[in-house]
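Okay, so here's the structure we're looking at.
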Amino acid sequence: MKVAVGSPGTWSGLLLRVGQCAFAGASIGVMLSAFGFSSYTAFCYLIASMALQILWSFGLLCLDLHALKFKRDLHNPLLVSLFVVGDWVTATLTLAAACSSAGVVVLFVRDVHFCKKHPQLSCGMYQISIAMAFITWLLVAKSSLVMFWILASG
């Protein structure tokens, strides 16, 4: 199997997983600090999706650390196929959560002007959290494409 930027057991793969954890954690932190998020299902789904993303990425981060420390090769076809499925599932959930939350914010801000009518809502915080979720999705999408490419080339 070929070694690509972001492949498992490399420094670039480790940095990719750190970025995924950091941006997913930032998304959760910003959303939790926003007033009134729990009243909207899309925002709760975003938090659940980001929490799952943190668990998945942190697990692979630990695996990358172990592989780097003990010079292990993680390009086993069975492991890579597990990584492909996990990354694709979490990428799909992350994108769905970010898009649904973005749709709610667009509705609030531009369509019904809900944020102007209710200034106690933290619409700016919602937008920042969703932006962090989209960045998380970009990192997960990069990771899942790299894993798929490694599996296909092996």
Given the rule -39500 (n - 2.57) for each run of at least 4 DSSP H residues, summed and divided by the residues of the chain, what is its mean residue ellipticity at 222 nm, to the nearest 500 deg cm²/dmol?
-27000 deg cm²/dmol
Taking Cα centroids, how far is segment 41-76 from segment 81-134 in Å?
21 Å
If I require 30 Å or longer along the helix axis, counting alpha carbons, and a Kyte-Doolittle average no lower than 1.6, what helices from the chain are left? Use full DSSP H segments.
77-106
Where does segment 29-154 land on the Kirkwood hydrodynamic radius, alpha-carbon pairs, in angstrom?
16.0 Å
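Rolling a 1.4 angstrom probe over the protein heavy atoms, how many square angstrom per residue are accessible across segment 1-117? Present the calculation step by step, with values, prior to reporting the outcome.
On the way: 6100 Å² over 117 residues.
With the other protein chains kept in place, segment 1-117 gives 52 Å² per residue.
The values are calculated or read from the model by the stated rules, or taken from the named source; none is laboratory data. Only a predicted model underlies this, so the values are computations on that prediction, with no experimental measurement involved. Areas reflect the complete protein model, heavy atoms only, side chains present, ligands, DNA and RNA absent. Shrake-Rupley method; radii C 1.70, N 1.55, O 1.52, S 1.80 Å.
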